[in-house]
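Chemist: Below is a structure I'd like to ask you about.
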Amino acid sequence: MTENEYTTQIEGVLIKSLCTFPDDRGFFREILRHSDDVFSEGSFAQWSHSKMTKDVVKAWHFHHLQTDWWYLALGVIEAVLYDNRAESKTYKNKLQLRLSGENCPEEQNSSLVRIPPGVLHGLKVISDSAHLIYVTSRVYDPEDEGRIPFNDPDIPHDWGDNVITVPRDHTHHIPPYERALVRT
């Protein structure tokens, strides 16, 4: 593990703090190298881009097989992770991050976040718009995209009022596959 990476209070979640090098033209930021510890699977299957507007909430998603790597390229979001894996040492722990794609002040974080199978994840857009770039270890499989309603009372998080969701964010789906268990 390098000095820019650390384990969070959720087992298997890794965060790589990114270095930004600004100049008069803008800035340069390296996101990921195949040799980074945060990219321990060593390969990916899909690279995606999601553009969202202010107050959009996308939650709760999880996978039984897929690992996600999130990078916010533009905007500010509140990213929330919740450990829903009963065998995990950090079962029911919650992690809140304020991610920024800008050359960010200290209260915001320009990072790459690794989200392993079984960890619930969601976000709320704080800025006028946000661009999330994410890499996945598997090609999109709608059966592996688990969902729990964004406002499920069993998950200790309140996204606030006047949020924008879609019908999928109100559904419940458990993937039919055996979930990849926590590796210790």
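Chemist: Select from segment 155-180 the residues that are surrounded by 11 or more Cβ atoms within 10 Å (Cβ to Cβ) and among the charged types (D, E, K, R) and write down the one among them that is modelled with the lowest pLDDT.
Modeler: Residue satisfying both the conditions and the ranking: R179.
Chemist: Residue by residue through segment 1-55, note down the ones that are in a loop (DSSP other than H, G, I, E, B), at positive phi and at pLDDT 85 or above.
Modeler: Matches in segment 1-55: G12, D55.
Chemist: Taking segment 139-164 as the search range and keeping residues that are aliphatic (A, V, I, L, M) and more than 16 Å from the chain's Cα centre (by Cα), which one is nearest to E178 (Cα to Cα)?
Modeler: Initial filter on segment 139-164 (aliphatic (A, V, I, L, M)): 139, 148, 155, 163-164.
In the following step, the residues that additionally are more than 16 Å from the chain's Cα centre (by Cα) were identified as 139, 155, 163-164.
Details: V139: 17, I155: 22, V163: 33, I164: 32 Å.
That would be V139.
Chemist: Further question on the same structure: Restricting the first residue to segment 113-129 and requiring it to be among the polar types (S, T, N, Q), which pairs with a second residue that is assigned to a strand (DSSP E or B) and crowded, with 23+ Cβ neighbours inside 10 Å meet a Cβ separation below 6 Å and a spacing of at least six or different chains?
Modeler: none
Chemist: Looking at Y91, Y134, which is the one that is of a type outside the set (G, A, S), farther than 14 Å from V13 by Cα and surrounded by fewer than 21 Cβ atoms within 10 Å (Cβ to Cβ)? Quick ask: steps written out before the conclusion?
Modeler: Numbers: Y91 fails: farther than 14 Å from V13 by Cα.
After ruling out the rest, the residue left standing is Y134.
Chemist: Also: Determine if segment 78-93 includes at least one residue that is part of a strand (DSSP E or B), under 26 Å from Q46 (Cβ atoms) and free of Cβ contacts under 8 Å to residues at least 60 places away in the same chain. Before you say what the answer is, go through the steps one by one.
Modeler: Going through segment 78-93, the residues part of a strand (DSSP E or B) turn out to be 78-83.
Right, trim to under 26 Å from Q46 (Cβ atoms) and you get 78-83.
Narrowing the set further to residues that are free of Cβ contacts under 8 Å to residues at least 60 places away in the same chain leaves 78-79.
The answer is yes; a qualifying residue exists.
The values are calculated or read from the model by the stated rules, or taken from the named source; none is laboratory data. On a predicted model such as this, the values are computed, not experimentally measured, just so you know. As a convention, Cβ positions derive from the backbone with ideal geometry for all residues, glycine included, and neighbour counts pool all protein chains shown.
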